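Let me begin by presenting the structure, written as C-alpha cells, before commenting on it.
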Amino acid sequence: MTEAFHPETVLIVDFGSQVTQLIARRVREAGVYSEIVPFQSAEEGFARLAPKAVILSGGPASTVDIGSPRAPQAIFEAGVPVLGICYGEQTMCAQLGGAVETADHREFGRAFLTVERDSPLFEGIWRKGESHQVWMSHGDRVTGLPAGFEVIGTSPGAPFAAIADEARRYYAVQFHPEVVHTPDGARLLANFVHRIAGLSGDWTMAAYKDQAIAAIRQQVGQGRVICGLSGGVDSSVAALLIHEAIGDRLTCILVDHGLMRLNEAAEVAELFRRHYNIPLVHVDASDTFLEALDGVSDPEQKRKTIGRLFIDVFEAEANRIGGADFLAQGTLYPDVIESVSFAGGPSVTIKSHHNVGGLPERMDMALVEPLRELFKDEVRELGRELGLPDSFIGRHPFPGPGLALRCPGAVTRERLDILRKADAIYLDEIRKAGLYDAIWQAFAVLLPVQTVGVMGDSRTYEFVCALRAVTSVDGMTADFYPYDMGFLGQVATRIINEVRGINRVVYDVTSKPPGTIEWE
C-alpha cells in the first residue's frame, strides 16, 4: 500500500535487534500502523513513508566502534518525535552530541528503573520516586547527554536509563519496553505514539480491509489474477480479499502436490466452491511432484524443487484458462522483514522458501501481495472481517512445502502415507482434548530412523515418529506446549496401534527463540 493509505505511520529503524518486530506489534496493538526498515535503507524508507514518528530499535553493535550503524540525520532534522530503545538511545546520543562508552557494569536481564522526573512518556503509568521492573540488555551505556536532554529515569547500571528532550519530543530508554519482561512497556509505547506523537490510534482491521480492497482494485485494474491456495489461512484470506475486490476475475488454483495432510485438499475445495463460489481449479499434480522429489533428502533442495514446480503449474494453468496478469501470494510481514539479510546475515538463505523473491523472468505476471503488511494474528483478524469461519481461521499454520519437510530424508509415497495417518491421529487427539486452540502449531514428523521394537510376540523394525506442539502469537517466537504425560501416552498408543510402520513415538520440547524462522 502507498503512504496515502497510512497517513499516520510510525517508522521503526531496525539496528538488528532480535525483538524489533515486537516493537511493531506493540505499536499496532495501540492502533497505529508501523513499518520496519533496516538502518541501511532507513533514509529511503523515511522519505517514502513520511512517518509521523520514528522509533530506533536495539541492536548488537557498539556505537563506540568505528563504522557502527547510525540513524539518518534527516530523521533528527524533520521535527518528528523520536524514541530510541537500547542501541537506539546510544546512537541518538552519539549523533546529537552526547557520549557513549563501554560499560564497566553490563546489564542483562531484569532491572529496576527509578523514575527521577514525571514525563509524558510515563504519564498514567509511572510517577516520580517510584521503582519499576524493566528488561535490560546492553554492554555500552550513555555517559553524557546531548544539549537539551535531561534524565527522567535511572537504574543501578545505567544512570541515563531514560532521557528526554521534551522541547524537540526526543525520548530514549536503555531498557526494552517491547518485551513482556517490562510489564508496563506496551503502555509506555502507547504513550509515545498517542500522547507525544499525537496519533489517533484508529488503525483497525476493518479499515485495513477497505483500504486493501481499494489498493487491489487500483493495482489490478481490469486484469485477471490467479491465486495459489495452499490450504492455509494466509492464502485463503488473500483469496477472499482479492475476490471482494475484483470478483470472478480471480481464479484460485489448488495444487495437490501429494504433500498435503489427510483430506486437506478436498476440504479446501469444498469451502471455496460451495461457500464462497470462487472460481477454483483443483490440480492433481502429485505424480509430478513426487517423481521430482524422488531421492531428494536435502531440505533446501526440497523447497526449491517444490517452489519451481508450483510456478510451472501456475504458469500452465494460467495459460489454460486464457492467461492472467497477476499472481497472488499470501506473503506476510515477517516473511518480508526476515528475508532482508541484516549486515550479511543468514536470513536470505533461511527464508528462501517464502514468496519474497519475485517471479521468474519468463512469467509475464506481476505479484499481488495484499497481506505483506500484516502479522499472522492480524491475518486471522482480517479473515474474520471477511467472514471466514472460525474453524478455518484457527487452523494451525502449515508451510507450503507441506509434508516434504515433515518427512526428513528421502520422500516416498510409503513414508508420506505413514506420516499422514500419524499426523491425523495426533490432531484428532488434540481436538478431542480441547487443546487445538491453545496450541499455535502442532504436527508429526516421521524421522529417517528405524528402531528395533517388540509388539506382542514379534520383533519390529519400524520408524520413529516425533510430535511437536508450540505456543506462539505471531510465529516470531515460540515455546513447546506442556502436555500432560497421560495425553502423550494416549497419542503414542493410538499411533503405534493404528499406523503400520511406526513403533516408537517421541515428543520434541525444543523452544523457538527470537531470530529463528522456521521449524524443521
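The values are calculated or read from the model by the stated rules, or taken from the named source; none is laboratory data. A quick note: this is a predicted structure, and the numbers were derived from the prediction, not measured. Ideal geometry is used to build each Cβ from the backbone, glycine not excepted, and the neighbour counts take in all protein chains shown. The area values use the complete protein model at the heavy-atom level, side chains included, leaving out ligands, DNA and RNA. Shrake-Rupley method; radii C 1.70, N 1.55, O 1.52, S 1.80 Å.
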- Check on Arg217, in contact with a helix residue (DSSP H, G or I) (Cβ under 7 Å, 6 or more places away or on another chain) and part of a helix (DSSP H, G or I): yes
- Query: Within the stretch 272-297, which residues are open to solvent by 20 Å² or more (accessible area, probe 1.4 Å), outside any strand (DSSP E or B) and under 28 Å from Glu244 (Cβ atoms)?
  - Reply: Arg273, Arg274, His275, Tyr276, Asn277, Pro279
- Message: It is to be established whether one or more residues within the stretch 137-145 are in contact (Cβ under 8 Å) with a residue 12 or more places away in the chain, part of a loop (DSSP other than H, G, I, E, B) and within 31 Å of the chain's Cα centre (by Cα).
- Response: no
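This table checks each residue for (1) modelled with pLDDT of 90 or more; (2) within 16 Å of Tyr33 (Cα to Cα); (3) in contact with a strand residue (DSSP E or B) (Cβ under 7 Å, 6 or more places away or on another chain).
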{"site": "Ala190", "(1), (2), (3)": "yes, yes, no"}
{"site": "Trp203", "(1), (2), (3)": "no, yes, yes"}
{"site": "Gln222", "(1), (2), (3)": "yes, no, no"}
{"site": "Cys227", "(1), (2), (3)": "yes, no, yes"}
{"site": "Val237", "(1), (2), (3)": "yes, no, no"}
{"site": "Ile242", "(1), (2), (3)": "yes, no, yes"}
{"site": "Leu250", "(1), (2), (3)": "yes, no, yes"}
{"site": "Arg261", "(1), (2), (3)": "yes, no, no"}
{"site": "Glu264", "(1), (2), (3)": "no, no, no"}
- Message: Exactly one of these conditions fails for Tyr461: (1) open to solvent by 40 Å² or more (accessible area, probe 1.4 Å); (2) outside any strand (DSSP E or B); (3) without any contact (Cβ under 8 Å) to a residue 60 or more places away in the chain. Give me its number.
- Response: (2)
- Given the stretch 28-133, what strands (runs of 3 or more DSSP E) lie entirely inside it while holding 2 or more residues that are open to solvent by less than 10 Å² (accessible area, probe 1.4 Å), touching a residue at least 24 places away in the same chain (Cβ under 8 Å) and not hydrophobic (A, V, I, L, M, F, W, C)? 33-38
- Query: Quick one: is Tyr208 surrounded by 17 or more Cβ atoms within 10 Å (Cβ to Cβ), of a type in the set (Ser, Thr, Tyr), in contact with a strand residue (DSSP E or B) (Cβ under 9 Å, 6 or more places away or on another chain) and assigned to a strand (DSSP E or B)?
  - Reply: no
- Item | Close pairs from the stretch 259-280: first within 29 Å of Pro408 (Cβ to Cβ) and in contact (Cβ under 8 Å) with a residue 40 or more places away in the chain, partner of a type in the set (Asp, Glu) and buried (at least 20 other Cβ atoms within 10 Å of the Cβ), Cβ under 8 Å, at least 6 apart | Arg261/Asp423; Leu262/Asp423
- Task: Looking at (1) open to solvent by 10 Å² or more (accessible area, probe 1.4 Å); (2) assigned to a helix (DSSP H, G or I), find the lone condition where Ile430 falls short.
- Result: (1)
- Selection from the stretch 385-425 of residues of a type in the set (Ser, Thr, Tyr) and in a loop (DSSP other than H, G, I, E, B) yields Thr412
- Query: Among Leu427, Leu435, Leu446, Leu419, which is over 21 Å from the mean Cα position of the chain (by Cα), more than 20 Å from Leu259 (Cβ to Cβ) and modelled with pLDDT of 90 or more?
  - Reply: Leu435
- Query: Taking the stretch 146-205 as the region of interest, how many residues are free of Cβ contacts under 8 Å to residues at least 40 places away in the same chain, buried (at least 18 other Cβ atoms within 10 Å of the Cβ) and β-branched (Val, Ile, Thr)?
  - Reply: 1
- Message: Looking only at residues that are in contact with a helix residue (DSSP H, G or I) (Cβ under 7 Å, 6 or more places away or on another chain) and open to solvent by 10 Å² or more (accessible area, probe 1.4 Å) in the stretch 224-244, which one is nearest to Leu386 (Cα to Cα)?
- Response: Glu244
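Each row is one residue, and each column tells you yes or no for (1) modelled with pLDDT under 95; (2) within 28 Å of Phe46 (Cβ to Cβ).
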{"position": "Cys86", "(1), (2)": "yes, yes"}
{"position": "Arg106", "(1), (2)": "yes, no"}
{"position": "Gly109", "(1), (2)": "yes, no"}
{"position": "Pro120", "(1), (2)": "no, yes"}
{"position": "Ile125", "(1), (2)": "no, no"}
{"position": "Gln133", "(1), (2)": "yes, no"}
{"position": "Pro183", "(1), (2)": "yes, no"}
- Task: Say whether the condition of being small (Gly, Ala, Ser), over 23 Å from the mean Cα position of the chain (by Cα) and within 25 Å of Val179 (Cβ to Cβ) is met by at least one residue in the stretch 4-24.
- Result: no
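Residues are listed down the side, and each one gets a yes or a no for (1) at pLDDT below 85; (2) surrounded by 19 or more Cβ atoms within 10 Å (Cβ to Cβ); (3) aromatic (Phe, Trp, Tyr):
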| position | (1), (2), (3) |
| --- | --- |
| Glu315 | yes, yes, no |
| Gly323 | yes, no, no |
| Gln329 | no, yes, no |
| Pro334 | yes, yes, no |
| Ser341 | yes, no, no |
| Pro346 | yes, no, no |
| Pro360 | yes, no, no |
| Ala366 | no, no, no |
| Pro370 | no, yes, no |
